[in-house]
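Enquirer: I have a structure I would like to understand better, so I am pasting it below and will then ask my questions one at a time.
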Amino acid sequence: MLQSLLRFVRDKTWLIVFLCIIPVVIYALVFKSIALNVNYVAFDDILILGIIPRFGDADLPERWRLLTTLFPEHRLVFSRSVILLLHAIFGKINLVWPMIVANICWALCALIFYRAFLRLKVSLWYFVPVMWLWFNIQSFENIFWGVSSLCNFGVILFFLSALYFTAFHPRKIILSLLFAVIATFSYGNGLMIFPVMGLMYLLTGFRKEFLITVAVTIAVAVIYFIDFTPITQNLDFGNPKQVKEGFFGFFGFIGSIATLSAYNASYTMLYLASVTGMLFIGGLIFLYRNEFAKLWDSAWLKSRYTNQTALFVAGIAVFVAITALALTYKRIPTDTFEGMFKGRYRMYSALWCVALYFAFLSFAKSNVRIKLAPFILLAAIGLNLVILHSNFADAVNNRRAAIAQEFNARYNADWLGIRMFSMDQKHFEHIRSLYGSADPLAEGWNPQLNLASIPCDSLYKPDKVGKLGNYIVIEFQNRIFDTKKDFSDGAYVLLKSDKHTYASPPFQAAVPLKTTIRRQMYFSKGAFASFHEANVEPGIYQIYLLVRENGLNRIYCTGSTWGENQ
């Protein structure tokens with residue numbers, strides 16, 4: 001029966017196109033429902049937008065300095081250029097626009113994969129898993145974070161473009177070098193594309209192109225490292241704990257897709273990702289087992305390596321491995337083992353999956369490909385949907401956290417989130433005026449009102465008010481807080497004193513997948529709010545519940561207070 005079904009669908013091009021489009025449509029719908037014109041959880045967007053007021057009146061040397069200023073150890077020329085271009089065209093900025101540009105970069109990566117796939121000369125059915133692997137939302141931080149998305153998705157597009165022209169059009173070195181330079185000035189690891197390109201030219205016997213690449217690499221590196229001041233610690237090889245975390249973090253970075261959820265994964269899942277990373281690397285080595293002798297001879301200039309697709313895949317793997325090593329060296333001391341699994345790093349694990357799959361298509365025998373193809377397709381679709389279920393709630397929570405953060409920055413002049421980034425509220429409001437975000441939590445009332453003037457609808461008592469570590473925790477456990485208009489809706493908790501008004505977003509978890517399937521529900525009941533004590537100034541606070549429903553705010557008194565002494 002299975003064989004009959006496979007024979008029936010084998011030549012159905014419309015079905016191939018349909019299955020390729022579905023993950024893109026899901027991805028686009030998720031983007032449309034969550035993308036928001038608001039400064040994201042960190043203040044990177046605000047800092048990057050700070051280039052706009054100063055750029056117009058600056059002379060050329062000053063403009064170059066503004067474009068290349070380290071952030072914090074990266075030269076984000078691409079991101080800043082996109083911001084300036086959008087502002088020049090429209091006279092303002094909407095933070096969703098750079099997100100759209102970045103996600104177009106992500107989509108264009110699939111076009112590069114398709115161009116490389118055509119070199120394999122196999123059925124188009126084999127390309128469908130690539131689309132389901134690529135358009136997953138596990139790296140949702142990049143999808144919905146203007147600056148981070150431009151940096152991370154931009155560098156992926158440009159380094160893949162450089163690799164594509166190096167592998168398949170080696171004589172078009174101008175294009176390869178152009179994309180490599182843009183990648184370098186998109187994010188710090190983009191500079192690593194140059195040694196990968198040089199190695200590829202060496203292996204394929206293009207010696208003139210190799211020498212040109214070396215010369216350009218030196219010139220770009222000199223420009224890049226002028227006034228370069230590292231601000232992060234480096235891994236201490238004399239510290240056994242850091243070495244252990246670095247070892248497992250390196251492999252976990254490559255295999256992080258195995259955790260399914262980008263955040264709140266258990267240590268068991270994190271170490272499973274490390275094992276998965278080892279298997280990913282081992283699988284690639286196994287697939288290349290018959291190529292090493294050819295690659296060795298090419299490295300010693302005895303022959304030219306001619307398998308272009310294998311070279312393209314190897315270039316991707318080497319670049320990801322270099323990125324993983326660099327991140328391990330730079331981030332383990334500050335972010336520790338868990339920091340290697342941040343949502344904005346997850347795209348590299350998906351990239352390794354695509355590279356591994358291309359290597360399988362390149363080297364596996366035809367009968368093996370045919371037998372495994374249906375299972376690989378089903379696994380890719382299943383993985384995409386499970387990742388969607390596991391990460392959508394976190395993506396929504398981050399959107400609400402961004403709304404609450406901007407509220408806190410507006411109505412608390414001494415808020416730690418502003419002071420951390422060495423800016424005052426006046427500067428924050430000036431930059432905010434450039435993108436003109438809404439202030440949904442302030443609609444229908446004035447957050448600067450005194451306590452006696454808060455318009456309470458009625459009384460709604462919390463189920464829990466207490467302290468958990470360094471966090472003030474308030475829980476409302478039983479009510480279902482529906483989203484009707486958009487995902488700005490929800491139950492926000494307010495801490496209000498005469499001098500301060502703080503908001504915490506509702507953190508809602510997804511119910512287990514089997515519950516979603518059985519009961520047709522996604523978000524669990526209730527809402528969980530928390531305030532880090534470092535962000536709350538000493539004082540006595542009244543606790544309120546602000547329920548935003550269908551785009552309208554309703555404020556409930558809770559009858560509870562909180563005293564913060566630190």
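The values are calculated or read from the model by the stated rules, or taken from the named source; none is laboratory data. From a predicted model like this one, the values you see are computed outputs, not experimental measurements. Every residue, glycine as well, gets a Cβ built from its backbone with ideal geometry; the counts of neighbours run over all protein chains shown. Just the protein is used for accessible areas: all its heavy atoms, side chains included, with ligands, DNA and RNA removed. Shrake-Rupley method; radii C 1.70, N 1.55, O 1.52, S 1.80 Å.
Enquirer: Sort out which residues of segment 56-86 are under 23 Å from Ile418 (Cβ atoms) and either without any contact (Cβ under 8 Å) to a residue 40 or more places away in the chain or in a helix (DSSP H, G or I) (or both), and write them in order of number.
Expert: Leu66, Thr69, Phe71, Ser79, Arg80, Ile83
Conditions (1) open to solvent by 20 Å² or more (accessible area, probe 1.4 Å); (2) out of contact with any Leu (no Cβ under 6 Å at 6 or more places or on another chain); (3) of a type outside the set (Phe, Trp, Tyr); (4) more than 30 Å from Lys485 (Cα to Cα), marked per residue:
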position: Pro23; (1), (2), (3), (4): no, yes, yes, no
position: Ile48; (1), (2), (3), (4): no, yes, yes, yes
position: Leu60; (1), (2), (3), (4): yes, yes, yes, yes
position: Ser81; (1), (2), (3), (4): yes, yes, yes, yes
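Enquirer: Has segment 412-419 got at least one residue that is charged (D, E, K, R) and surrounded by fewer than 23 Cβ atoms within 10 Å (Cβ to Cβ)?
Expert: Yes - at least one qualifying residue is present in segment 412-419.
Enquirer: In addition: In segment 516-561, what residues are more than 28 Å from the chain's Cα centre (by Cα), outside any strand (DSSP E or B) and of a type in the set (S, T, N, Q)?
Expert: Gln520, Asn550
Enquirer: For segment 220-235, indicate whether the set of residues that are within 29 Å of Leu295 (Cα to Cα) and either surrounded by fewer than 22 Cβ atoms within 10 Å (Cβ to Cβ) or touching a His at 6+ places or on another chain (Cβ under 6 Å) (or both) is non-empty.
Expert: Yes, some residue in segment 220-235 is within 29 Å of Leu295 (Cα to Cα) and either surrounded by fewer than 22 Cβ atoms within 10 Å (Cβ to Cβ) or touching a His at 6+ places or on another chain (Cβ under 6 Å) (or both).
Enquirer: I've got another one for you. Does any residue in segment 392-405 that is closer than 12 Å to Tyr263 by Cβ come within less than 8 Å, Cβ to Cβ, of a residue that is among the small types (Gly, Ala, Ser) and open to solvent by less than 10 Å² (accessible area, probe 1.4 Å) six or more places away or on a different chain, and which pairs are these?
Expert: So the pair list comes out as Asp394/Ala262; Asp394/Gly343.
Enquirer: Sticking with this structure for a sec: Considering only residues that are of a type in the set (D, E, K, R) and farther than 17 Å from Asn152 by Cα, which ones fall in segment 65-113?
Expert: Those that are of a type in the set (D, E, K, R) and farther than 17 Å from Asn152 by Cα: Arg65, Lys92.
Enquirer: Do we find that Gly190 is under 19 Å from the mean Cα position of the chain (by Cα), without any contact (Cβ under 8 Å) to a residue 60 or more places away in the chain and either surrounded by fewer than 24 Cβ atoms within 10 Å (Cβ to Cβ) or within 22 Å of Asn103 (Cβ to Cβ) (or both) in this structure?
Expert: yes
Enquirer: If you check Arg369, Arg331, which single one turns out to be under 25 Å from Phe292 (Cβ atoms), among the charged types (D, E, K, R) and assigned to a helix (DSSP H, G or I)?
Expert: None of the other options fit; the residue is Arg369.
Enquirer: If I filter segment 428-445 for residues that are under 30 Å from Trp125 (Cα atoms), modelled with pLDDT under 90, in contact with a helix residue (DSSP H, G or I) (Cβ under 9 Å, 6 or more places away or on another chain) and surrounded by fewer than 20 Cβ atoms within 10 Å (Cβ to Cβ), do I get at least one hit?
Expert: No, that holds for no residue.
Enquirer: Name the residue, out of Phe168, Phe144, Phe127, that is in contact (Cβ under 8 Å) with a residue 40 or more places away in the chain and closer than 30 Å to Asp45 by Cβ.
Expert: Checking each option against the conditions leaves just Phe144.
Enquirer: Starting from segment 422-447, take each residue that is without any contact (Cβ under 8 Å) to a residue 24 or more places away in the chain and list its partners that are in a loop (DSSP other than H, G, I, E, B) and of a type in the set (Asp, Glu), counting only C-beta distances under 9 angstrom and pairs at least six apart or across chains.
Expert: Listed by first residue and then by second, the contacts come to Gln425/Asp414.
Enquirer: Still on this structure, please answer the following. Go through segment 68-95 and count every residue that is in contact with a Gly (Cβ under 6 Å, 6 or more places away or on another chain) and at pLDDT 90 or above.
Expert: The qualifying residues number 2.
Enquirer: Only residues that are over 14 Å from Phe280 (Cβ atoms), surrounded by fewer than 23 Cβ atoms within 10 Å (Cβ to Cβ) and within 19 Å of the chain's Cα centre (by Cα): list them for segment 310-322, please.
Expert: The answer is Ile322, and nothing else.
Enquirer: Name every residue in segment 108-140 that is open to solvent by less than 20 Å² (accessible area, probe 1.4 Å) and assigned to a loop (DSSP other than H, G, I, E, B), in order of residue number.
Expert: Those that are open to solvent by less than 20 Å² (accessible area, probe 1.4 Å) and assigned to a loop (DSSP other than H, G, I, E, B): Phe135, Asn136, Ile137, Gln138, Ser139.
Enquirer: Can you name every residue in segment 279-293 that is of a type in the set (D, E, K, R) and either touching a residue at least 12 places away in the same chain (Cβ under 8 Å) or open to solvent by less than 70 Å² (accessible area, probe 1.4 Å) (or both)?
Expert: Once the filter is applied, which keeps residues that are of a type in the set (D, E, K, R) and either touching a residue at least 12 places away in the same chain (Cβ under 8 Å) or open to solvent by less than 70 Å² (accessible area, probe 1.4 Å) (or both), segment 279-293 yields only Glu291.
Enquirer: Check whether at least one residue in segment 240-247 is assigned to a helix (DSSP H, G or I) and under 15 Å from Ser349 (Cβ atoms), and report yes or no.
Expert: no
Enquirer: For segment 330-356, give me each residue that is over 12 Å from Ser139 (Cα atoms), of a type in the set (A, V, I, L, M, F, W, C) and open to solvent by less than 30 Å² (accessible area, probe 1.4 Å).
Expert: Of everything in segment 330-356, those that are over 12 Å from Ser139 (Cα atoms), of a type in the set (A, V, I, L, M, F, W, C) and open to solvent by less than 30 Å² (accessible area, probe 1.4 Å) turn out to be Ile332, Phe337, Met340, Trp352, Cys353, Val354, Ala355.
Enquirer: How many residues are aliphatic (A, V, I, L, M), open to solvent by 10 Å² or more (accessible area, probe 1.4 Å) and within 20 Å of His74 (Cα to Cα) when one looks only at segment 148-187?
Expert: Residues meeting the conditions: 5.
Enquirer: Look at segment 477-497 and say how many of its residues are at pLDDT 85 or above, out of contact with any Ser or Thr (no Cβ under 8 Å at 6 or more places or on another chain) and of a type outside the set (Gly, Ala, Ser).
Expert: Final tally of qualifying residues: 1.
Enquirer: Here are the criteria: (1) farther than 28 Å from Gly551 by Cβ; (2) assigned to a strand (DSSP E or B). Tell me which single one Ala491 does not satisfy.
Expert: The failed condition is (1).
Enquirer: Sticking with this structure for a sec: Quick check: anything in segment 396-406 β-branched (Val, Ile, Thr) and within 21 Å of Val493 (Cβ to Cβ)?
Expert: Checking segment 396-406: at least one residue is β-branched (Val, Ile, Thr) and within 21 Å of Val493 (Cβ to Cβ).
Enquirer: Suppose we filter segment 507-566 for residues that are surrounded by fewer than 19 Cβ atoms within 10 Å (Cβ to Cβ), over 16 Å from Val493 (Cβ atoms) and touching a residue at least 60 places away in the same chain (Cβ under 8 Å); how many remain?
Expert: Going through segment 507-566 one residue at a time, the tally reaches 9.
Enquirer: Within segment 252-278, restricting attention to residues that are open to solvent by 40 Å² or more (accessible area, probe 1.4 Å) and in contact (Cβ under 8 Å) with a residue 24 or more places away in the chain, which residue is farthest from Phe392 (Cα to Cα)?
Expert: Only one residue tops the list, namely Met278.
Enquirer: Confirm whether Val220 is closer than 19 Å to Arg65 by Cβ, touching a Ser or Thr at 6+ places or on another chain (Cβ under 9 Å), assigned to a helix (DSSP H, G or I) and not acidic (Asp, Glu).
Expert: So Val220 fits the description; yes.
Per-residue answers, yes or no, for (1) under 26 Å from Ile112 (Cα atoms); (2) outside any helix (DSSP H, G or I); (3) modelled with pLDDT of 90 or more:
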| site | (1), (2), (3) |
| --- | --- |
| Gly249 | no, no, yes |
| Ala265 | no, yes, no |
| Ala273 | no, no, yes |
| Gly283 | yes, no, yes |
| Leu295 | yes, no, no |
| Leu301 | no, yes, no |
| Thr306 | yes, yes, no |
| Phe312 | yes, no, yes |
